[in-house]
There are 4 protein chains.
Amino acid sequence: MQHFASDNYAGFCPESLTYFLQANGSGHEPAYGDDSWTQRVCDRLRALFETDCEVFFVFNGTAANSLALAALCQSYHSVICHTLAHIETDECGGPEFFSNGSKLLVADGPHGKLTPEAVEALVTRRADIHYPKPKVVSLTQATEVGTVYSVEEIQAITTVARQHGLRVHMDGARFANAVAALDVHPADVTWRAGVDVLCFGGTKNGLPVGEAVVFFDRALAEDFAYRVKQAGQLASKMRFISAPWLGLLEHDVWLRNARHANAMATLLAERIAGVPGVRLMFPVQANAVFAELPLPAIDALRARGWKFYTFIGAGGCRFMCAWDTSEETVEALARDIRECCASAAHS
Amino acid sequence: MQHFASDNYAGFCPESLTYFLQANGSGHEPAYGDDSWTQRVCDRLRALFETDCEVFFVFNGTAANSLALAALCQSYHSVICHTLAHIETDECGGPEFFSNGSKLLVADGPHGKLTPEAVEALVTRRADIHYPKPKVVSLTQATEVGTVYSVEEIQAITTVARQHGLRVHMDGARFANAVAALDVHPADVTWRAGVDVLCFGGTKNGLPVGEAVVFFDRALAEDFAYRVKQAGQLASKMRFISAPWLGLLEHDVWLRNARHANAMATLLAERIAGVPGVRLMFPVQANAVFAELPLPAIDALRARGWKFYTFIGAGGCRFMCAWDTSEETVEALARDIRECCASAAHS
Amino acid sequence: MQHFASDNYAGFCPESLTYFLQANGSGHEPAYGDDSWTQRVCDRLRALFETDCEVFFVFNGTAANSLALAALCQSYHSVICHTLAHIETDECGGPEFFSNGSKLLVADGPHGKLTPEAVEALVTRRADIHYPKPKVVSLTQATEVGTVYSVEEIQAITTVARQHGLRVHMDGARFANAVAALDVHPADVTWRAGVDVLCFGGTKNGLPVGEAVVFFDRALAEDFAYRVKQAGQLASKMRFISAPWLGLLEHDVWLRNARHANAMATLLAERIAGVPGVRLMFPVQANAVFAELPLPAIDALRARGWKFYTFIGAGGCRFMCAWDTSEETVEALARDIRECCASAAHS
Amino acid sequence: MQHFASDNYAGFCPESLTYFLQANGSGHEPAYGDDSWTQRVCDRLRALFETDCEVFFVFNGTAANSLALAALCQSYHSVICHTLAHIETDECGGPEFFSNGSKLLVADGPHGKLTPEAVEALVTRRADIHYPKPKVVSLTQATEVGTVYSVEEIQAITTVARQHGLRVHMDGARFANAVAALDVHPADVTWRAGVDVLCFGGTKNGLPVGEAVVFFDRALAEDFAYRVKQAGQLASKMRFISAPWLGLLEHDVWLRNARHANAMATLLAERIAGVPGVRLMFPVQANAVFAELPLPAIDALRARGWKFYTFIGAGGCRFMCAWDTSEETVEALARDIRECCASAAHS
């Protein structure tokens, strides 16, 4: 049975698995990234982004984001992010741990997105040494609520960041979904729009483990390999982390996977949009549907075996679609939502 | 071509790969270890060790050891280890990073092994607050130089540790090789001998990624899941890390893999022991052969394409055997060593 | 000229200075707290609190609070505090630095005070490992806005804390002012009310440097001396930090100093309460007056040479009274406020 | 009674105390270093060093050295120092704590001094990411064993450091004693000899508390004020830390104090050099005398009330002279050493 709790419930996509198995079949390979597979993937990513970026592979998103942020600021600096950013809400203090104390300064903004004004307000609020000096803006693309920054929105924020000497980090755990949604070149929504570092998520796009940290400004990557090593994020048998990326990158499988997940979210939203008792909470732009449902309907859905996240007190539900979520599953969930809402209305 | 640089040059052993693929075929699975595979593996490890231990999976050995040590001591405490311990020589300050400053106090000892006397000397040397208070003894089993602590040797050290209120950590990156070498029950060489926490290596035993941290004293594991999460070591698609362990544990594949690697090292040692110019540096008890070779012989071996580690200045070489190192490869290396040493003697 | 910017603009009160000079006159003294003065002060504090507490001296409030919090929680735990708490707003990430990443979870509450409900809400909001586990409640007494928790208010919060296994820390940078305001025994508002650790401020009470960290639960102070040492907070010539406390504690000079500062704040509040254009922002319970003034009046006061803090955008001003603030100064400021507000009204 | 345990047993020298009292008499002063005294002292130090250096005051030597080192390297870098360096032996892991894990790489060298060869050997030993990249050389001037680097010795080391891209830190807890011993301009033994940062000790030179961190390369001081603040080393009533330096700097009191302490050490060495049973362990160049004494003589000296440090197992004793150590005290100690050694010889 498929679920909507998270896109990380899904498995290993076949195109990437093929490369994983090939990498295993190639006999002994040098460790720690000195293998031929890793070199190929890094080159492939440079080609994709059309720039001579520096690429590092780490095990998961907590580490990718935390290490990238730690590379951009010292312990007495601060990182500006949205109140709902994953680095603020769901990393158990990971960014603070890796940076040894950098504080996150949070701002609200509609649809889970930062605004240039909010960034500017946090930067200019104070300039005394009792307030950790803002040094980085962190954007989540796609956001935690399934929306997507347009190229112009990103540019507006990176412009403000530059004016104040801040660097720009992009948490791209669902970068593929955002690019697929915007239908732009990946360079246009990253370095050409002023992003310094991208944490490019592989896990939610069909890999078993592993994210890429992409530094568009190579100067920022100085000694980053040491940082990765010290922090326990250097895979000895690196090829098993890197080779599967070839499967994602070839024939734009990463975009195909993302487009499919996005399409499933759109389908689900369409199916439940008009259902009495259901209110869509955010525009559905990537692979998530956030909807308020009657509490009894939520219970009833759970009783039918569906797994998904809810938010305390309210009736907010998150339905996440993955690269392998089938149309049948979406239709089945939509049907159950309709039925459970109808029952809830009558009870 | 196979190499002797490290046992992490080898790939994914077939028995474990089977479970990896099964885990992928099981559809959507809850994330972060709440899947059925992870539960099974933990139970299997508890059965193996014949005790109700707490088990956590992390991505690599740096993290396993550093997190385990951080759980045993505060930043102002210290960890006693051998001068040659991996945590001291090859983690780029990982233990200090994860613990926020715990100092490693190093002691020498024959054959890469700590002695009770050396531990006691470090503990009792000073008792002022300018010296970080010793809190943990870390043993590497098998050691970095391919030797193995006997059960009695471990007991002697843990006894001293207990007398002084220290906890005992075992870096078991090559635990399998040690157990295979000693031919003892894994419980006898760990908790029954006084070990509190074992970092049980999977990567060098045939997995692509992933180590198990096994707390025999469950009290020490309090909130360890949070620590793992914050430090970027919690796999979202955990089943891909955990399920392959079933392949290792079933039918004692882990021991079979280790025994084979050990046997290859023994074979290599036998083949080169009497070669003029070759001096074995340490008893060959696990899967490593350390040998001094004439410098020209080393160069000649490299010119023939062999990869292995050497130590600066000296002519010391490390030849590491893996679970998949073939007898043919060993014979070929031995032959080349003989030839290169002979040439070196004549030049 | 005296100012109202901060109570740390004031100097060294004469009673304490006397002991400082005596300590200097006593010849060579053992370092790091092994001198006779430090022992005397610790005993004196135990007598004051009527309990066998553990006492440590550190250099300033940032360190006192950060070290105490670090002793109560691990990096993956969290500390609940008020949005306006100094540890959140004015320590440049100090608590996160000392604890290597413990996150502060902030709650609002009237008059700068936490409520039991707010604490409970934060503790029970989530129970997953992606959210740093709440482990400490931190109360500021007197608060950052010049209000004071009653004994009952503290008990209500510590009761909730105990129910959820949390420890209670009190930031007492202005503890003297709070005790003076409440007119209670210092034990009643600390350990008898459920407080585990008090950071007892000396600097704002008339010392040049130095705060006391008082552990009422001695178990929490285990190895704290090492923590202090490692963090650069152990004074070698400790007697110069500790001896002046004798001057504060003898004849209750600490309370006399605090009562005077409180009285000056009350006087100022009375003098300006009815002035047109002035709005008192919080009850004046300790030594601070927060008042909204017309912006032109603020500028005019500054032009007359007065120093005080204001808050961006609004017309909020903080007037802080010290142990040595004279009645004449208060009257002069009040007169100027009246005049400047009158001018502002006519312009 | 005066002692020889440490130069931090001494008190506050009168010239500095005068300024301390003046600073107290000047009424309210802005906090956190924005006072007029601090400005004056910083200018005075710039004049002393004849360069536009950046100056910060912190509370003690642990913090001064640890913060300076943390400013020069990241957590995955390493610091080269002598085996006997205070940062290695007596800071309870302080440097590792402040830097979040930077490892100290130690080298031996005669008379407690690093050599260019030893530095080079550590830098070039390895170049892989498993070894924390050397980034700083730390020199202790005067050394922990009472010797002093000549200008040429410093230059030789800083030259090697520069060649390898390393920065140079000087632990100058006893900088005054070194300058007095060498009789050179303080600039010649610091920035003109290639030193980037000096931790200039005040405490052992006659202050009650406080050290100056002097950055000769201002670029290295970027945002250092934030670092100081976050780490709990920013004094609110800064004038009490800074003003006393005026007393040290005026009329070269700092050198007079140091010369006196050095002279007392020389006197002691002369008095005991020929005593049977006594062996001087190091050249006496600053204010320390290290001497081996018969164990019974050590016990006898202690029985007569003398305090001094000894080293476990051996008969090594450290006799430290302070700015206020009197000739009478030295003669009395020398007499007792002679008597106790004589008794020891007969027993």
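Details
- Test: residue in region A:177-192 that is within 18 Å of A:Ala107 (Cβ to Cβ) and polar (S, T, N, Q): no
- Listed by position, the helices (runs of 4 or more DSSP H) inside region D:1-89 whose residues that are more than 14 Å from chain C (Cβ to nearest Cβ) and within 21 Å of C:Asn60 (Cβ to Cβ) number at least 2 are D:36-49.
- Among residues that are surrounded by 21 or more Cβ atoms within 10 Å (Cβ to Cβ) and not β-branched (Val, Ile, Thr), D:Leu166 is included.
- Residue in region A:31-46 that is buried (at least 18 other Cβ atoms within 10 Å of the Cβ) and on the phi > 0 side of the Ramachandran plot present: yes
- Among (1) surrounded by fewer than 24 Cβ atoms within 10 Å (Cβ to Cβ); (2) within 27 Å of B:Ser99 (Cβ to Cβ), the one test that C:Glu91 misses: (1)
- Residues considered: C:Gly93, C:Gly172. Of these, the only one that is of a type in the set (Gly, Ala, Ser) and touching a Lys or Arg at 6+ places or on another chain (Cβ under 8 Å) is C:Gly93.
- So A:Ser242, is it assigned to a helix (DSSP H, G or I), under 23 Å from A:Thr62 (Cα atoms) and polar (S, T, N, Q): yes
- Among the numbered conditions (1) open to solvent by 10 Å² or more (accessible area, probe 1.4 Å); (2) in contact with a helix residue (DSSP H, G or I) (Cβ under 9 Å, 6 or more places away or on another chain), the only one that A:Met320 does not meet is (1).
- Scoring D:Gly25 on the criteria (1) free of Cβ contacts under 8 Å to residues at least 60 places away in the same chain; (2) open to solvent by 40 Å² or more (accessible area, probe 1.4 Å); (3) in contact with a strand residue (DSSP E or B) (Cβ under 7 Å, 6 or more places away or on another chain) leaves a single failure, condition (3).
- Which numbered condition D:Ala156 misses (of (1) touching a Leu at 6+ places or on another chain (Cβ under 7 Å); (2) open to solvent by 20 Å² or more (accessible area, probe 1.4 Å)): (1)
- Residue count, region B:177-194 (criterion: closer than 26 Å to B:Met320 by Cβ, touching a Leu at 6+ places or on another chain (Cβ under 9 Å) and part of a helix (DSSP H, G or I)): 2
- Residue within region D:185-195 that is under 26 Å from D:Ala31 (Cα atoms) and either more than 10 Å from chain C (Cβ to nearest Cβ) or surrounded by fewer than 24 Cβ atoms within 10 Å (Cβ to Cβ) (or both) present: no
- For C:Arg126, the conditions (1) out of contact with any helix residue (DSSP H, G or I) (no Cβ under 7 Å at 6 or more places or on another chain); (2) buried (at least 24 other Cβ atoms within 10 Å of the Cβ); (3) among the basic types (Lys, Arg) all hold with the exception of (2).
- Looking across region B:323-347, just one residue is surrounded by 13 or more Cβ atoms within 10 Å (Cβ to Cβ) and out of contact with any helix residue (DSSP H, G or I) (no Cβ under 9 Å at 6 or more places or on another chain), and that is B:Ala332.
- Among residues of region C:75-94 that are touching a residue at least 60 places away in the same chain (Cβ under 8 Å), those with a Cβ under 6 angstrom from a residue that is among the aliphatic types (A, V, I, L, M) and not in a loop (DSSP other than H, G, I, E, B), sequence gap 6+ or separate chain, pair up as C:Val79/C:Leu69; C:Val79/C:Leu104; C:Val79/C:Val136; C:Ile80/C:Leu105; C:Ile80/C:Val119; C:Ile80/C:Leu122; C:Ile80/C:Val137.
- Qualifying positions in region D:14-38 - closer than 16 Å to C:Lys204 by Cβ and of a type in the set (S, T, N, Q): D:Asn24
- Hey, A:Ala107 of a type in the set (Gly, Ala, Ser), open to solvent by less than 40 Å² (accessible area, probe 1.4 Å) and within 14 Å of A:His169 (Cα to Cα) or not: no
- Any chance D:Ile129 is in a strand (DSSP E or B) and among the hydrophobic types (A, V, I, L, M, F, W, C): no
- Residue list for region C:90-142, filter: under 27 Å from A:Pro134 (Cβ atoms), of a type in the set (A, V, I, L, M, F, W, C) and more than 21 Å from the chain's Cα centre (by Cα): C:Leu122
- Among the conditions (1) without any contact (Cβ under 8 Å) to a residue 12 or more places away in the chain; (2) away from chain B (no Cβ under 14 Å), A:Arg279 misses just one, which is (1).
- The lone criterion from (1) touching a residue at least 60 places away in the same chain (Cβ under 8 Å); (2) crowded, with 23+ Cβ neighbours inside 10 Å left unmet by D:Glu54 is number (2).
- Subset tally (residues that are without any contact (Cβ under 8 Å) to a residue 24 or more places away in the chain and touching an Asp or Glu at 6+ places or on another chain (Cβ under 6 Å)) for region C:130-153: 1
- Residues that are within 20 Å of B:Ala31 (Cα to Cα), at pLDDT 95 or above and either in a loop (DSSP other than H, G, I, E, B) or more than 14 Å from every other protein chain (Cβ to nearest Cβ) (or both), drawn from region A:308-333: A:Phe308, A:Cys317, A:Cys321, A:Ala322, A:Trp323, A:Asp324, A:Thr325, A:Ser326
- Selection within region B:132-146 - part of a loop (DSSP other than H, G, I, E, B) and either within 14 Å of chain D (Cβ to nearest Cβ) or open to solvent by 20 Å² or more (accessible area, probe 1.4 Å) (or both): B:Pro132, B:Glu144
- Residues of region A:265-297 that are open to solvent by 10 Å² or more (accessible area, probe 1.4 Å) and over 19 Å from A:Phe311 (Cα atoms): A:Thr266, A:Leu267, A:Glu270, A:Arg271, A:Ala273, A:Gly274, A:Val275, A:Pro276, A:Gln285.
The values are calculated or read from the model by the stated rules, or taken from the named source; none is laboratory data. Keep in mind it's a predicted model, so treat the numbers as computed, not measured. Here the Cβ is made from the backbone with ideal geometry for all residues, glycine too, and neighbour counts use every protein chain on show. Accessible surface is based on the protein model in full, side chains and every heavy atom, while ligands, DNA and RNA are left aside. Shrake-Rupley method; radii C 1.70, N 1.55, O 1.52, S 1.80 Å.
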